[in-house]
Ligand SMILES: Cc1cc2nc3c(=O)[nH]c(=O)nc-3n(C[C@H](O)[C@H](O)[C@H](O)COP(=O)(O)OP(=O)(O)OC[C@H]3O[C@@H](n4cnc5c(N)ncnc54)[C@H](O)[C@@H]3O)c2cc1C
């Protein structure tokens, strides 16, 4: 096991110096998700030197690694032991790190079936805006001692502290997986997805793309082949290819100049008929659309549907990209920011202009 | 034993009780407000009966407007508030405060909406855990977290404690099965956390509220995620001649890539107690027993069952049985599910611990527990959520024998500290409450505790919600630490010791 490098002391020193100077910092991992979120500001704080897998015992189903560890290295060691990250994170480039993955909180196609990043996070070490080194949560699967700060930091886009080390729950890799493809338009695909999720099918992916409903089955050989036989459809040649292109956004749909929107909706919400050119993931829970419309229109639409929208890529980065929060919730967000980072040192403006 | 909040954690006020009753009476009907000694007595404790305090007042509102009014008055007059669901908590989280209002959510028992298409159900916080699965069964759905107390405990309590059950290795704790919640803050703001989608905008406040033990706000509505009922479930029962063998079997099952719905272990005292109580057919001579449940679709379960069977055999199981029909399965589980009351029959009182450890340290920790038990002269039975390393040592004692409760508590504290030393935690699913608040000083540093306090103040600036629970004051820790070591290190190592 590559034990990497422990850069804690340097990072603590850098953060404390920034606090003394009231110098905002922009926390930098591999830079693979630099496009995500609002623009943010601050002097770069490079955490990629803080890397290495600290502990991994396959039979405990827990892996602990420093934030700068490459996601590819983690996935490799897990694969060597027949395990995987349950949330199938998008990398968006070879330089993706564990810290960035946790800070962005993005999960891949497996999410509805085996959980999200935050579901897998068990504990983490961080540096808060007081320049203190804190260890929150733990390295065991079950732990309810203290507030769940580790999950609070997941998806917080670095705004509450520098993530130094993360412990995550990992899962056994399914014995087999099989991908099926059926011709369908978006409404038909959504109906299929809904029906399948009401029954205990061995699923690990439900998506729509390019006139096809895609489904992935996972489990024991017998279970997968029995289900495949009953469900029908054809088996595309490159089985994993589609799911990889979906999660890494390499499908043709994701190209082009128009702003790309991510709408996270209750999965059974009807098809958004204004956008037939769409990609649907998470069994209907995630709708990707391309749209030049003013942001407010999409925020309203998502809110009325019981979900939220985010301008994921492109568009005017000076405008807030995340769904606005109701005023009392925003005020609470500001108080929480204050509780962790009173001088607003970390990733100022990245999550929200006010944070 | 009467329990008092540490002086540094007390909220002081001089509000006259009769006066406050008059103020509250404007919003609550007479039967919704209890103040007489004999009326409030039943609320003296939760499931941790060794900690008791007489509540000042007990409020049983039935509407959000009433709740808001009660919280508003408490805020104005600086009166502390403790929320209570069914009072089955095992860590004193719902222990009342002698100058505070105990806010019972038991009248909030409506199932508001079942949404089978999105596999969600929206409920009030006083709905019982098992009532949820009963209500959605006709849609072929169920709610996965199943604490053994499920026929009594409430969803509000489950969220506040982030409760688990015997199926959480595969299906997760409460936090993994909640989509949204409405939280009423002291200043009357109703915050909507989470959403009906798979995630929500902003900080993950829903995760933060799970396990927050009533310190951040009052949960007034919860949306739970449902799962399709599994097609089938099979259970294997294996007896072993040593705890070490059983521990290895658990590691091998997981190492082989199986993810059982439940993977439970009991030691010999627990096996005997359960067998005498419910006659589940357990091998009374075995040193350890494993229950391994596999669920899902039939083809999957049959494949997994064969692999699990082979592993249990290879690890030297001295007894090995399989239950494939529901009645036989229920019988196998009956012993495990009744383990606490079964042990309760052996002894006038028992004290249930809840530490979690890395599983590889199991044999060592069980050895340490047995040794400590002998030192204190108290018997211990162990029930163990083996799949996720969550131990429930049950310490047997007799509260009527002078000094025995104190001995049991001291032994319990030692066990928890042993869990922290091996890299685990003081509580896997029962919460900190009043019970383990001193051990929080062992698990967390002052800086970490301070961060928790600042976080709490973002929700509850005056600190009126459940003071003296879950997060200790630094004064308490300083007092506790004066007699204690943290993680093998003495506090203030710079000081000379003799
Ligand atoms: C026999 C037995 C077996 C048990 N088995 C398990 C088990 O397998 N797994 C497990 O995890 N636990 C178990 N428990 C513990 C207990 O049942 C759980 O902690 C349960 O979730 C408590 O629910 P309750 O409604 O009784 O809450 P209470 O005990 O009334 O309260 C618990 C905490 O929640 C807070 N609270 C309650 N309602 C609200 C609300 N609406 N808003 C904000 N805060 C609130 C209270 O202030 C308190 O801090 C068991 C207990 C018993 C007695």
Given the structure, is residue B:322 within 14 Å of chain A (Cβ to nearest Cβ) and either closer than 30 Å to residue B:407 by Cβ or over 29 Å from the mean Cα position of the chain (by Cα) (or both)? no
With the condition being within 11 Å of another protein chain (Cβ to nearest Cβ) and touching a helix residue (DSSP H, G or I) at 6+ places or on another chain (Cβ under 7 Å), I'd like the strands (runs of 3 or more DSSP E) fully within the range A:60-137 carrying at least 3 qualifying residues. A:121-127, A:133-137
Subset of the range B:120-170, residues closer than 22 Å to residue B:183 by Cα, more than 15 Å from the chain's Cα centre (by Cα) and touching a residue at least 60 places away in the same chain (Cβ under 8 Å), comes to B:120, B:121, B:122, B:123, B:124, B:125, B:132, B:143
Filter result (in a loop (DSSP other than H, G, I, E, B), within 15 Å of the ligand (Cβ to nearest atom) and over 20 Å from the mean Cα position of the chain (by Cα)) within the range B:431-482: B:460, B:463, B:464
Just one listed residue, out of B:211, B:202, is at the interface with chain A (Cβ under 7 Å from one of its Cβ atoms), closer than 28 Å to residue B:71 by Cα and more than 15 Å from the ligand (Cβ to nearest atom), and it is B:202
Could you tell me which residue of the range A:142-160 is farthest from the chain's Cα centre (by Cα), considering only residues that are at the interface with chain B (Cβ under 9 Å from one of its Cβ atoms), in a loop (DSSP other than H, G, I, E, B) and farther than 26 Å from residue B:259 by Cβ? A:146
Looking at this structure, is residue B:331 over 23 Å from the mean Cα position of the chain (by Cα) and touching a residue at least 40 places away in the same chain (Cβ under 8 Å)? yes
So, in the range B:340-349, of the ones that are surrounded by fewer than 24 Cβ atoms within 10 Å (Cβ to Cβ) and not in a loop (DSSP other than H, G, I, E, B), which residue ends up farthest from the ligand (Cβ to nearest atom)? B:346
Extreme residue, surrounded by the most Cβ atoms within 10 Å (Cβ to Cβ), among residues of the range A:194-203 that are in contact with a strand residue (DSSP E or B) (Cβ under 9 Å, 6 or more places away or on another chain) and free of Cβ contacts under 8 Å to residues at least 24 places away in the same chain: A:200
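Which residue is farthest from residue B:470 (Cα to Cα), if the candidates are limited to the range B:416-430 and must be more than 10 Å from the ligand (Cβ to nearest atom) and assigned to a loop (DSSP other than H, G, I, E, B)?
Per the criteria, the residue is B:422.
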Any residue at all in the range A:300-308 that's assigned to a strand (DSSP E or B) and either within 8 Å of chain B (Cβ to nearest Cβ) or buried (at least 20 other Cβ atoms within 10 Å of the Cβ) (or both)? yes
Selection from the range B:271-287 of residues under 19 Å from residue B:320 (Cβ atoms) and under 24 Å from the mean Cα position of the chain (by Cα) yields B:271, B:274
Inside the range B:215-232, can you point out the residues that are over 19 Å from residue B:129 (Cβ atoms) and within 16 Å of the ligand (Cβ to nearest atom)? B:215, B:216, B:217
In the range B:406-438, anything within 8 Å of another protein chain (Cβ to nearest Cβ), surrounded by 24 or more Cβ atoms within 10 Å (Cβ to Cβ) and farther than 24 Å from residue B:205 by Cβ is listed as B:424, B:426, B:436
Of the residues in the range B:1-45, how many are buried (at least 16 other Cβ atoms within 10 Å of the Cβ), in contact with a strand residue (DSSP E or B) (Cβ under 7 Å, 6 or more places away or on another chain), in contact (Cβ under 8 Å) with a residue 40 or more places away in the chain and in a loop (DSSP other than H, G, I, E, B)? 4
I'd like the full set of residues that are more than 18 Å from residue B:159 (Cβ to Cβ), outside any strand (DSSP E or B) and in contact (Cβ under 8 Å) with a residue 60 or more places away in the chain, limited to the range B:197-231. B:229, B:230, B:231
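Could you pull out every one of the helices (runs of 4 or more DSSP H) wholly within the range B:94-179 that has 3 or more residues that are within 11 Å of chain A (Cβ to nearest Cβ) and more than 9 Å from the ligand (Cβ to nearest atom)?
B:168-171
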Taking the criterion of being within 11 Å of chain B (Cβ to nearest Cβ), without any contact (Cβ under 8 Å) to a residue 60 or more places away in the chain and surrounded by fewer than 19 Cβ atoms within 10 Å (Cβ to Cβ), would at least one residue in the range A:172-193 satisfy it? yes
Testing residue B:50 on (1) more than 11 Å from the ligand (Cβ to nearest atom); (2) at pLDDT 95 or above; (3) away from chain A (no Cβ under 14 Å), one condition comes back false. Which one is that? (2)
For the range A:312-337: of the residues being within 17 Å of residue A:302 (Cα to Cα) and in contact (Cβ under 8 Å) with a residue 40 or more places away in the chain, which is surrounded by the most Cβ atoms within 10 Å (Cβ to Cβ)? A:321
Using beta carbons and a limit of 8 Å, which pairs, at least six apart or on different chains, have the first residue in the range B:428-444 and free of Cβ contacts under 8 Å to residues at least 12 places away in the same chain and the second one within 16 Å of the ligand (Cβ to nearest atom)? B:444/A:145; B:444/A:146; B:444/B:452
Test for residue B:417: is it over 29 Å from residue B:358 (Cβ atoms), without any contact (Cβ under 8 Å) to a residue 40 or more places away in the chain and out of contact with any strand residue (DSSP E or B) (no Cβ under 7 Å at 6 or more places or on another chain): no
Would you check which residues across the range B:353-367 are away from chain A (no Cβ under 14 Å) and crowded, with 20+ Cβ neighbours inside 10 Å and list them? B:366
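Just checking, does the range A:258-266 include any residue being more than 14 Å from every other protein chain (Cβ to nearest Cβ) and buried (at least 18 other Cβ atoms within 10 Å of the Cβ)?
Checked the range A:258-266: at least one residue is more than 14 Å from every other protein chain (Cβ to nearest Cβ) and buried (at least 18 other Cβ atoms within 10 Å of the Cβ).
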Tell me, yes or no, whether the range B:385-405 has at least one residue that is crowded, with 19+ Cβ neighbours inside 10 Å, within 14 Å of chain A (Cβ to nearest Cβ), more than 16 Å from the ligand (Cβ to nearest atom) and not in a helix (DSSP H, G or I). no
Collect the residues in the range A:208-220 that are in contact with a helix residue (DSSP H, G or I) (Cβ under 6 Å, 6 or more places away or on another chain) and within 14 Å of chain B (Cβ to nearest Cβ), keeping them in residue-number order. A:217, A:219, A:220
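The values are calculated or read from the model by the stated rules, or taken from the named source; none is laboratory data. None of these values were measured; they are calculated from a predicted model. With ideal geometry, Cβ positions are generated from the backbone for all residues, glycine too; neighbour counts draw on all protein chains shown.
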